[in-house]
Amino acid sequence: MSESGREVFIGIDVSKEKLDVAVRPTGEFMSFSNNEDGMSCVVDFVKAFSPNLVVLEATGDWKQRQWEYWQTKVCLLLSSIQDR
């Protein structure tokens, strides 16, 4: 839970070129490059919110790369949503 006592949820949409990050309930939104520097910036951005849950949405091989990065760099509860 965030310092304000509210639950915070973060969604990350992973594509070939960028990482779109949305924060609920604040409504903040940021885009980052989908590369090592961008992923590092996402980690810093996400950690600032102390989220309860981070959800990754990605298709194909992009998700696997992100999943491995997040598992090694960030100790957060992750959920993955796949296209059906």
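Amide H contacts under 5 Å for Ser15: Asp20, restricted to partners 5 or more places along the chain or on a different chain, H placed in the peptide plane at 1.01 Å from N. Volume of the convex hull of segment 6-52 (Cα atoms only), normalised per residue: 57 Å³. Scalar couplings 3J(HN,Hα) for segment 46-54, obtained by applying the Karplus form with A = 6.51, B = -1.76, C = 1.60 to θ = phi - 60°, are 5, 4, 4, 9, 6, x, 7, 8, 10 Hz; x denotes Gly and Pro.
Read-outs: derived from the displayed coordinates by stated rules, not from any lab. This structure is a prediction, so every number in the text was calculated from the model and none was measured.
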